[in-house]
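Data block below; observations after.
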Amino acid sequence: MERKTALYECHLAAAGKMVPFAGYLLPIQYSGIIAEHNGVRQKAGLFDVSHMGEVKVSGKGAFEYLQNLLSNDFTDLKAGKVRYALMCNEDGGVVDDLLVYKFDEENYLLVINAANREKDVLWMKSKEFGEVQVEDVSDEMSQIALQGPKAKEILLKVTEESNLPAGYYSFLPEVEIQGIKCLVSQTGYTGESGYEIYCSNEDASRLWYLLLEIGQEVGLLPCGLGARDTLRLEAGMPLYGHELSMEITPFEADLAFAVKMAKADFIGKQVLLAKGEPTRKRVGLKVIGRGIVRENELLYIGDEVVGQTTSGTHAPHLGMSIAMALVGQEYFTPGTQMEAEVRGRRISVEVVSLPFYKKD
């Protein structure tokens, strides 16, 4: 049976269309995916992302533990900052991608993908050493994402600017919003500026309704999973199970920026070194023929299969169909044309640079 977030009744009250996702019942849309997508690009949107997993890593040796567990380097990560990282297996594939929040040298919060929660926690616990403790606290908190160019304006109606993190990928752990204790992070998964706000389950619905009420005059919309997916795809952001998996390496996913091969070691490093340059890589595709290309479509040049799509949609803001794909190394170059086979029909596509969309 699917779980319900603390905001489940709020979604029903707003006529959210509920669907099963990652073990939860969540809204896929309210007013419609296109309206919600464009609302985030132009004004602001509010998302329930309480299904995401949260894991505390604490104790002496927490820093050394994360250095070994994850691909990125946390040597220069300061308290109050956030860093993206990949958790690899011994074969160099990706167990999950995640965010690391640093409170101090012995206390961190890892935010993981909902569908991977149980798998991730088992993996993390299996790699514990010394006095490090790994604790799954996902059921203790809710997470609300306020995204879009009006996000800061909305929050400033209910709190002081000193209560907002000052830069991208930074956070403040103890913020009060109208008496609600929150962690406020300047992060997101939409390609827009915005915030992710963590609070207790007991306070979640009050915070949700407060933000919707004060944001109404600037056009804030409640948004579902559908718009979240089209927004992240326009922004060229990978999704686990699509652009990332146990069989896809970070370099194949074009995420070299989050892999620091110069640090002493991390799980999977030696295999990644041995593999060398990837023979396939994630690229963006612009559909130049008629139709929409979805995930898992084979890509052809003539009769030769040259890759496979990993995600695809019609991009509401850009007004065109787009996709991401893994293609062979000869086909990485922007401008390369190929065809996607969709239900027995070939649709012309062209390799383009990622991201498809980048905010001004």
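The values are calculated or read from the model by the stated rules, or taken from the named source; none is laboratory data. In this text, all values refer to a predicted model and were calculated from it rather than measured experimentally. So basically every Cβ, Gly included, is an ideal-geometry build from the backbone, and we count neighbours across all protein chains shown.
Below are the figures for this structure:
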| item | result |
| --- | --- |
| Failed item, numbered, when residue 190 is tested on (1) in contact with a strand residue (DSSP E or B) (Cβ under 7 Å, 6 or more places away or on another chain); (2) more than 16 Å from residue 111 (Cα to Cα); (3) surrounded by fewer than 20 Cβ atoms within 10 Å (Cβ to Cβ); (4) among the polar types (S, T, N, Q) | (3) |
| Count of residues meeting criterion [of a type outside the set (A, V, I, L, M, F, W, C) and closer than 20 Å to residue 285 by Cβ] in the stretch 223-239 | 6 |
| Filtered residues of the stretch 319-347 (kept if over 19 Å from residue 253 (Cα atoms) and touching a Lys or Arg at 6+ places or on another chain (Cβ under 9 Å)) | 320, 321, 339, 340, 342, 347 |
| Enumerated strands (runs of 3 or more DSSP E) restricted to the stretch 191-297, each holding at least 2 residues that are in contact (Cβ under 8 Å) with a residue 40 or more places away in the chain and more than 29 Å from residue 43 (Cβ to Cβ) | 280-287 |
| The stretch 302-327, subset assigned to a strand (DSSP E or B), in contact with a Phe, Trp or Tyr (Cβ under 8 Å, 6 or more places away or on another chain) and touching a residue at least 40 places away in the same chain (Cβ under 8 Å), residue farthest from residue 345 (Cα to Cα) | 315 |
| Residues satisfying the stated conditions in the stretch 148-177, i.e. in contact with a strand residue (DSSP E or B) (Cβ under 7 Å, 6 or more places away or on another chain) and β-branched (Val, Ile, Thr) | 154, 158, 159, 175 |
| Test: residue in the stretch 3-19 that is touching a residue at least 60 places away in the same chain (Cβ under 8 Å), part of a strand (DSSP E or B) and closer than 20 Å to residue 235 by Cβ | no |
| Yes/no for residue 320 being touching an Asp or Glu at 6+ places or on another chain (Cβ under 8 Å) and under 30 Å from residue 35 (Cα atoms) | no |
| Close pairs from the stretch 93-111: first within 25 Å of residue 274 (Cβ to Cβ) and modelled with pLDDT of 95 or more, partner charged (D, E, K, R) and surrounded by fewer than 20 Cβ atoms within 10 Å (Cβ to Cβ), Cβ under 8 Å, at least 6 apart | 93/247; 95/119; 96/119 |
| In the stretch 138-174, the residues that are surrounded by fewer than 19 Cβ atoms within 10 Å (Cβ to Cβ), among the basic types (Lys, Arg) and within 21 Å of the chain's Cα centre (by Cα) | 152 |
| Residues of the stretch 14-56 classified as under 13 Å from residue 229 (Cα atoms), within 19 Å of the chain's Cα centre (by Cα) and aliphatic (A, V, I, L, M), total | 4 |
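Residue by residue, here is whether (1) more than 20 Å from residue 116 (Cα to Cα); (2) of a type outside the set (A, V, I, L, M); (3) buried (at least 17 other Cβ atoms within 10 Å of the Cβ) holds:
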{"residue": "232", "(1), (2), (3)": "no, yes, yes"}
{"residue": "254", "(1), (2), (3)": "yes, yes, yes"}
{"residue": "259", "(1), (2), (3)": "yes, no, yes"}
{"residue": "270", "(1), (2), (3)": "yes, yes, no"}
{"residue": "276", "(1), (2), (3)": "yes, yes, no"}
{"residue": "296", "(1), (2), (3)": "yes, yes, no"}
{"residue": "302", "(1), (2), (3)": "yes, yes, no"}
